[in-house]
Every structure is written in structure tokens, then in C-alpha cells.
Amino acid sequence: METDTITAISTPIGEGAIAIVRLSGPKAISITANVFKGKNLGDVASHTIHYGKIIDPETKEVAEEVMVSVMRAPKTFTREDVVEINCHGGMVAVNRVLEIILSQGARLAEPGEFTKRAFLHGRIDLSQAEAVMDLIRAKTDKAMSVALKQMDGRLSALIRRLRQDLLETVAHVEVNIDYPEYDDVEEMSHDMMRTKSKEVYKEVVELLQVAKQGKILREGLATAIIGRPNVGKSSLMNTLVQENKAIVTEVPGTTRDIIEEYVSVRGVPLRLVDTAGIRETEDIVEKIGVERSRQVLKESDLILFVLNYNDVLSEEDEKLFKAIEGLDYIVIINKTDLEQKLDLDRVYELAAEKPIVITSLVKEEGVNELEEAIAKTFFAGDIDTGDLTYVSNVRHIQLLKQAKQALEDAMEGLELGLPLDVVQIDVTRTWELLGEIIGDTASDSLIDQLFSQFCLGK
Ligand code: GDP
Ligand code: ZN
């Protein structure tokens, strides 16, 4: 039976910037060799690792410097030829490498598909396979639907529509300026530009918001538990892990064992970053000061800040509040089974509008409320992955951010009453940036398009 070659990003979770694109199947080696500059991978011995570069076949540019492990069947996890491309440039680079590999005829692996193949080829038994697959599925089902949707072209369709809107606006403005039929043509054009810019802006902002959720679904929410010693951080971590079944993925037989730890709280995957699972910060502020702790904590998507109900609010607590100002955090007031010594009014004042949850972890009280708060913080209620267009590619997200900025510039220009041909520069730029997302090279200038689509016939 003919099997195809599958690929996926397989990233060890942690502080390290290394990410891996893994391929398995009869063409794993030839597909990689096609885009690899370095040794001829077709000739190298099994279970060897090679330094080289991944070349984008379209642009001929170097996409990434990599270390490639080549493992030939049958002594591999899947018992097929397996290649692992180690990228050092983080998620941006690894996304690009994955795209390139996909363009060479590999297929995006389904959740657990590597494991399924290992099982089908007798490499592991069913119970092992099931265990691994359950764990993987819990983590990746949603992530996979994100990827599939993007491949579906929903994003492209939306981007095309937005570009068309911008293009028509520019065209109309040009026509109005060149063929004024009314005295107030300038004003009308301004209005039209403003309305369209706002409409497109709203959609771009929405895409970016959803992109944030998409990233979380893919990578898990980097979560830090902070608080003074003894407030209950470890207890909180244990509770979350027990209640939500820590997901530990261990894929044996590959060049390294990859261990990922997640807990899924109401559909929100929390990424447990260090050995203990969660980055536990005891005296970070004491050690490195408010400003630097802030820099460190900024890397978290979510901070769980634990306070002790049974102790007065200390200077250190106040410093921690300062360090996390403006970040996404939830305050947890723990040990409510003990006597109150904490100044709650002051806590409410410091936390401002952030969620505050009251718990007694020894009595297992308040845990549901905490889980609800976590879910709410990121999804404003229940997650519905069915109906949204996701942007899960880092390059796309960056382009969208630039487009958003360009639109803001355009709208500001309109507010300031700048001439339309000036504002138009920002609108055109937005159009170009969106074009880069769907791979419309800027070879056709906007003006060429205007002529071909609207026959201005000047
Ligand atoms: P950490 O130092 O912040 O990680 O705090 P731990 O989780 O290690 O907890 C410190 C101590 O407080 C342990 O003896 C816990 O059993 C206890 N503790 C944790 N939560 C509660 C609680 O809600 N009530 C009471 N009375 N004790 C708690
Ligand atoms: Zn602890």
C-alpha cells in the first residue's frame, strides 16, 4: 500500500528557541533534500545529523539555517524514513520551513498521525498508541482545525475581499477627483475613504484578535504563577494539574525525548513551561527588581498572582502588582479557610478591573471560579472555533499588524483633513501589505490594477 509523507511542527515546549519540523514517509528524505543546501541527504548514513540551509524554492533565498537528522526505516519511531529539521529561529522560521516542506508534496499530519503510523507498523502497542494519541489530541484538535481552515483559503478569501474594497475606494476617489460632477466632491471622497478605512480596519483588528487565540490554541498559554513564598503557588499548580489531567507527551525512539506538559482548563491549554510545569516565581522582584521582572513576566500570556488571605499585604506584594501592571493577570486570594489579615479593599484597588478569585486550596474551594476566570480572560466566554477565520502564521500576523498601522495612519490623516492623495498613500500601503499575506507579489502596481479593473481610460 502506498503511503504518503506527512509532516508537522513538533516543538519542545520551553524557553529554548529550537523548533522541529518532522517528516515521516517514503519521500521524507527526498523532499527535504530538494530544499536543503548542504550534504546530499540522499547519500548520508542513517541516524546522522547535518548542518545546512533550507532554501525557499520560489525565491531561492535562505529560509533558515538548520540541523537535519536523517533516520532511515525501519529503525525509527514510525518505522518509516524520518527526517527532523531543527530550526533555531523560533516560530517564524519554523512556520516558513513547514510551508516550504508542504510545497514540496508532504501533507500536514493529522493529530497523532506519527503515533498511528508507529502503531500500524508495529513499533508500539495499542495501549501506548492510545495513550499518546489521547494526549496529543487534547492538545492539537483545535490547533489542527486552525491550520486546516487557513489551508481552506478562508483567510485568503477574506483578505481578497478587503483588498478589493480598498481598491474600489481608491478607484472611486481617483474618478471623483478627475471628473468632478459635484462641488463637494472632495468632501464626499473624504467620507467614503473614512467609511471604507474604518470597515477594513475593524476586520483587520478582529483578525488580529482571533490570531492571538489561534496562537494560544497552537502553543498553549504561557502561564506563570507568582506570589510570595508559602502563599500556595505549588498547591495551585498541583490543583490545576489534578483537576485537568496534565498532558505529558513523550515520544520515544526519536533522537531525543520530547516532553511537553499542558493542562487544559475549559478548553484553554495552559503551557507549563518549566520542569515543575509552571514557572514558579518566588522572589523574582526581590532578586532582579520591578523593571526586569516585568520584562520577564511580559513573556507570559497569563499570570496567576497568589496572595495570602491570612497575611497582611506586604511591600513585596505591592511591588508584584507594579511589575504586572497592564499585563493579563488574575489575582487569587488563597487560604480563606484561615483568619483574615489581608486588606481586601487595598487588593481590589490595586487589581483595578482585573479578575479576583477567592480560594482555599486545601479545602478545594474556589477552583471552579478560577477556571472560569482563566477561560474568560482569553475567550470572553466559550470558545467557538467553528466560525472564525484564523490567522496562525507569524508572518501573516506581522503583516496584519503593519496593515493595521497603515490604516490608523490613513484615518488619522483623514481626521486631520490631509489631502486625499496623501491619505491614499497609506490606503495603498494597506492594500500592498494585505497582498503580501496572500502572496500577491507587488509586481502589479496598484495603478496597473486600477487600469485593468476599472478602465479609467485617462
Ligand atoms: P508556595 O510556597 O507559594 O508554593 O506555597 P505552597 O503551595 O507550597 O503552600 C505553602 C503551605 O500552605 C503548604 O503547607 C500548603 O499546604 C498550605 N496551603 C496552601 N493553600 C492553602 C489554603 O488554602 N489554606 C491553608 N490553610 N493552607 C494552604
Ligand atoms: Zn512552591
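Cβ-Cβ under 6 Å, sequence separation 6+ or interchain: first residue in segment 36-51 and within 23 Å of residue 74 (Cβ to Cβ), partner of a type in the set (Lys, Arg) and modelled with pLDDT of 90 or more. Which pairs?
Qualifying pairs under 6 Å: 46/72; 50/39.
Across segment 346-368, which residue is farthest from ligand 2 (Cβ to nearest atom) among those that are charged (D, E, K, R) and over 28 Å from the mean Cα position of the chain (by Cα)?
Checked segment 346-368; the qualifying residue farthest from ligand 2 (Cβ to nearest atom) is 349.
Quick one: count up the residues across segment 311-341 that are in a helix (DSSP H, G or I), in contact (Cβ under 8 Å) with a residue 24 or more places away in the chain and either within 16 Å of ligand 2 (Cβ to nearest atom) or not basic (Lys, Arg) (or both).
6
Suppose the filter is of a type outside the set (Phe, Trp, Tyr), outside any helix (DSSP H, G or I) and modelled with pLDDT of 90 or more; does residue 427 pass it?
So residue 427 does not fit the description; no.
I'm checking my understanding of the structure. Among residues of segment 188-244 that are away from ligand 2 (no atom under 16 Å from the Cβ), farther than 17 Å from residue 366 by Cβ and of a type in the set (S, T, N, Q), which one is modelled with the lowest pLDDT?
213
Scan segment 292-302 and tell me whether some residue there is surrounded by fewer than 17 Cβ atoms within 10 Å (Cβ to Cβ), assigned to a helix (DSSP H, G or I), at pLDDT below 80 and within 16 Å of ligand 2 (Cβ to nearest atom).
no
Being in contact with a helix residue (DSSP H, G or I) (Cβ under 7 Å, 6 or more places away or on another chain) and charged (D, E, K, R) is the filter here, so list the residues in segment 23-78 that pass it.
Within segment 23-78, 56, 64 qualify.
The values are calculated or read from the model by the stated rules, or taken from the named source; none is laboratory data. As the structure is a computational prediction, the values presented were derived from the model and not from experiment. Every residue, glycine among them, receives a Cβ derived from its backbone with ideal geometry; neighbour counts consider all protein chains shown.
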